[in-house]
Structures are given as C-alpha cells and as structure tokens.
1. Looking at the range B:116-136, which of the residues that are over 14 Å from the mean Cα position of the chain (by Cα) and assigned to a helix (DSSP H, G or I) is surrounded by the most Cβ atoms within 10 Å (Cβ to Cβ)?
2. Would you confirm, using the coordinates I've provided, whether residue B:49 is assigned to a helix (DSSP H, G or I), on the phi < 0 side of the Ramachandran plot, within 14 Å of another protein chain (Cβ to nearest Cβ) and buried (at least 19 other Cβ atoms within 10 Å of the Cβ)?
3. Considering only residues of the range A:83-96 that are within 22 Å of the chain's Cα centre (by Cα) and crowded, with 17+ Cβ neighbours inside 10 Å, which is nearest to the other protein chains (Cβ to nearest Cβ)?
4. What residue, of A:52, A:79, A:73, is assigned to a loop (DSSP other than H, G, I, E, B), without any contact (Cβ under 8 Å) to a residue 24 or more places away in the chain and within 13 Å of another protein chain (Cβ to nearest Cβ)?
5. May I ask you to list the residues in the range A:109-132 that are within 19 Å of the chain's Cα centre (by Cα) and more than 21 Å from residue B:83 (Cβ to Cβ)?
6. For the range B:279-287, state whether one or more residues are part of a helix (DSSP H, G or I), touching a helix residue (DSSP H, G or I) at 6+ places or on another chain (Cβ under 9 Å), more than 14 Å from every other protein chain (Cβ to nearest Cβ) and closer than 26 Å to residue B:118 by Cβ.
7. Taking the stated definitions as given, is residue A:136 within 14 Å of chain B (Cβ to nearest Cβ), outside any helix (DSSP H, G or I) and under 26 Å from residue B:7 (Cβ atoms)?
8. Is it the case that the range B:71-79 has a residue that's more than 14 Å from chain A (Cβ to nearest Cβ) and farther than 16 Å from residue B:42 by Cβ?
C-alpha cells in the first residue's frame, strides 16, 4: 500500500518547547485517517508541517499528494462573501471544480451573497471544507474541524466530509484531527494517537480493536494509551 | 490571483481615491488664492504617504497573520511568495497612485501661488512626483514591519515611528547633497549685512554677522557663511577683535512698533556698517545652493531612491514571509 505521508524523525520546536519530537509515522493513502490526542499533543503542528505552513526543525516529512487544508477554527476572510471565497478558490487553484464547490455550498444552505464574517462557526467550517474539497486534492487535511460545533452541526459536518470523499472519482486520503474519539469512530478506518509530541499508537481501527482484548470501544483503547503517557 | 489582491484592497482603494477627489473639489471650489488652503493641502500631501504606510502597508500581512487567514491563503496552489508579490504589487501601486493623484491635484491647484512665491524647493516634498515615491516606501515599510511584528496595531505604530524620522533625516541630511551643491563667492556687502542670531529656544546660536541672501529666485540656498580667501570661517574671536563694539547699544532707539520691531539707533547701524566694511577686506560671503534648474533632476533622483528603497523592503518582506513557520 502506498503512503500519502511519510514522516521520519520529525521534530518541530516552537521557541524552547518541542511541539513534536522524533516523530516517525506513515499515513496510508486512500483511507480516512484520524489523528487523536489531548490538547497540546502536537496534532496541529503535525498537520501544519504536512501542508507546508511549518518547516521541520529536525527530520523530514514527505507528502506524496496535493493537499487541501482546513485549518483550526476554519479561518476565512470576514470581508469577503461566500461567492467571493469560491472565486478565490478558483483563482488560487490549478484544478478547481466550480460545480462541486457550488453544490457543497448549497448543501450547507449558505447564501452566496453572505459575508463570511457573519457566518456561524458551523457554516464557516462548511465553507472552508467546500474550498478544500473543490480543489480536488489527493490528500484532505482537516485540523479539529468539529471543535466549537454543536452536536448536530458536528454530525452534519462529518457526513458532509464522508459524502465529499465518496463522491471523488479517485481515492482521496483524509487526515483529520480531533480530541474527540467519537468523531473519529464513525468515519475513520485508520487511527494515529499522538501525545506529548510523539506517536503512541497507529494502525487500522479494526486491527487495533481486535488486538486489544480488554477494550470494548475505540474510546477505551485511546484512553488506555493516553493514561500511559507521563504528564 | 490578481483578482483576489484587488478584491481584498478594493474598498480601501475606493475610499482613498474618493477622499482625495472630495478634497480636490472643495479646494478648487474655494478658489486658488488662499495661502492657508495652500498650507493645508501641502500638509495633506506630506502626511498622506505615512498614512498609506500605516493603514495599508502594516495590516497587509499582519492582519492575515493575526486572524489566521494566512493558513487559508498559503495552503493553496499559489506559493506564498507569488501571493505576496501580487498583493504588494496591487496595493503598492494603488498607494503610489493615490499619493501621486493627490500630489498632482495639489500641484495644479497651487500653481498660481507657487509661481508668485518663487520658492519651489520650499514645497519640494508636497508637489509633483516625489510623494508617489514616499508612498511606495511607506507602504513597503509597513508591510515588512507587519511581517516582523506579526501584529497589526504595533506594526502600524512602528511604521509611523520609523517612517517619519527617516523622511525627515533624508530631507535634512541627504537631499541637499543628492547633487553636488553650487558654491558662489560674493563680496560682503556692508549695507545688507546685519548682526544677530535666530533660532528656537533653547537652541539659539551665538550672535554673528548675517549677510543677506543673494537674489537667486527659486533656488534652494542651503548655507550662507563668511569665509576668508583660504576658506576659513569667520570666528567670533576675530569678529570681536575687528569690531569690539558690535552688538552693544541695541534696542535703545525708541519704543517697539506695533509689529514688535525695534528701531536700531543710527549710530549702531553706522558702527556695524564700518565693521563689516573692515571685515570685507579679507572675508567674503560664500553661498551654497541648488540652482532652480535642479528642481526636476532632484525630484527624479529622490523618487528613484525612495522607489529603490521600497523594492529592497519588498525583497526583505518576501524573504521573511518565506521564513515564517
């Protein structure tokens, strides 16, 4: 199986603190991969290294596919309308499906004339997702996309990600982070647990659950690994 | 991508152009003979580049870094360098155009008064083409400081704090020497040379002989000194030995007139005249100036230097943006 991302002894220092240290991992291509870990585990750092917003302090990270990215908090331009954002996506993209972008925005019931600064957190997340998906990336990276969403909006958003991925002609890799295991359980086939700047557990969800006799759910499994991390 | 850069700056460019046009309409409607309007318009053109640096330059990247939208802009298929280049080009050229438009309108409006004054260098930095260069420089400076400080408001303050002294220092220390000044030697004229000093408290220099400015219409006289044949300046010791009584008996000729001037007694005038005539045997008046014909070469020169500095700042911005992360 091909890998979408390969990180080798990857480390990133912010000032004096190592957000990520000696991190070696692979993200398999064509899967929905969940990245879970407590706050401050280095999830955002890892994802921003993957999309080129950050550069490694040590080690290497290789990304084999063109990435679409939704950053934490789904930043958009407050002064630009929804339609302006779609036009921006087109202007900044080498491969853009305008029809898909419009369908995603319609499905989320976004008014094209609405200024993005007036959207709710959930609407903003949908707009940012539409921008990332319509450029038809081979790798879709979502950083805590469901944080700050209420349970209903969270469910709608995850469904929308699943639909967008299944609608893609070729296989898309999705890498998304969350500190809620429940989010990942529904959608992910592969899990990476990150804590203290290092990978604690990685593998297909089925295999992870099968290999652990005393854990009933993915949640139990993740928590049991996180308990072993020195605080 | 050019569309995005324009879309993001459209509102502020429209507002700035409209404001300049409104000021122009008001100025032309009020007639072209009011010297206080001339002063205000000149101040506007002098201040405008700094404002463009503060309100357009500083927030350009700092605003994106602060709001997090750079994470959206810099993860598309367009490299962040290209993104920066286009944003710099669109907003930077707009800043130059706004300052240039304001300067052109004010130059046009003030032409009759400027011609009457014959002091083109007195309004050098609020006329013609140099304001566009200042605007480009202030804008690029604001962008770079925004990238370095990563926060909008501190970057705006820093832009003002760096730009203003830079402009002043250039005006005082560089502009007089952009082209080698012309020096002319004139005989010291006892009839038009006075004695005294002028300045602002507490920086009033010691009193000395003050030769009158020669008639050089529209020229920029940068210094007038009294020197001997070897180029040595007249010292206060030499002045005191040649004219021991100079500066005594002032102001005793009568009450001050309504304008605050005091009539100097004729005896003091005569003594000063004789003193200057004695000194004129060995000393002459040396005038350093930029002739009137150098106005346009100096305008182009200064514009070119500020544009070059703006390009250097833009290159530094590109380098720093590449380093972020």
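1. Residue satisfying both the conditions and the ranking: B:136.
2. Details: assigned to a helix (DSSP H, G or I): yes; on the phi < 0 side of the Ramachandran plot: yes; within 14 Å of another protein chain (Cβ to nearest Cβ): no; buried (at least 19 other Cβ atoms within 10 Å of the Cβ): yes.
Answer is no for this residue.
3. Step one: list which residues in the range A:83-96 are within 22 Å of the chain's Cα centre (by Cα), which gives A:85-86, A:88-90, A:92-96.
Next cut, crowded, with 17+ Cβ neighbours inside 10 Å only: A:85-86, A:88-90, A:92-93, A:96.
Details: A:85: 9, A:86: 12, A:88: 5, A:89: 7, A:90: 9, A:92: 4, A:93: 5, A:96: 9 Å.
Restricting to residues being within 22 Å of the chain's Cα centre (by Cα) and crowded, with 17+ Cβ neighbours inside 10 Å, the top hit is A:92.
4. On the way: A:79 fails: without any contact (Cβ under 8 Å) to a residue 24 or more places away in the chain; A:73 fails: without any contact (Cβ under 8 Å) to a residue 24 or more places away in the chain.
The match here is A:52.
5. First pass over the range A:109-132, keeping only residues within 19 Å of the chain's Cα centre (by Cα): A:121-132.
Passing the criteria: A:121, A:122, A:123, A:124, A:125, A:126, A:129.
6. The first filter runs over the range B:279-287 and keeps only residues part of a helix (DSSP H, G or I), leaving B:279.
From what is left, the residues that are touching a helix residue (DSSP H, G or I) at 6+ places or on another chain (Cβ under 9 Å) are B:279.
Filter once more, so that each one left must be more than 14 Å from every other protein chain (Cβ to nearest Cβ): B:279.
Subset that is closer than 26 Å to residue B:118 by Cβ: none.
Checked the range B:279-287: no residue is part of a helix (DSSP H, G or I), touching a helix residue (DSSP H, G or I) at 6+ places or on another chain (Cβ under 9 Å), more than 14 Å from every other protein chain (Cβ to nearest Cβ) and closer than 26 Å to residue B:118 by Cβ.
7. Numbers: within 14 Å of chain B (Cβ to nearest Cβ): yes; outside any helix (DSSP H, G or I): yes; under 26 Å from residue B:7 (Cβ atoms): yes.
Taking the combined requirement at face value, the residue satisfies it.
8. First, pick out the residues of the range B:71-79 that are more than 14 Å from chain A (Cβ to nearest Cβ): none.
No, the range B:71-79 has no match at all.
The values are calculated or read from the model by the stated rules, or taken from the named source; none is laboratory data. All figures in this text were calculated on a predicted structure; none of them were measured in a lab. No Cβ is skipped: glycine too gets one built from the backbone with ideal geometry, and neighbour counts run over all protein chains shown.
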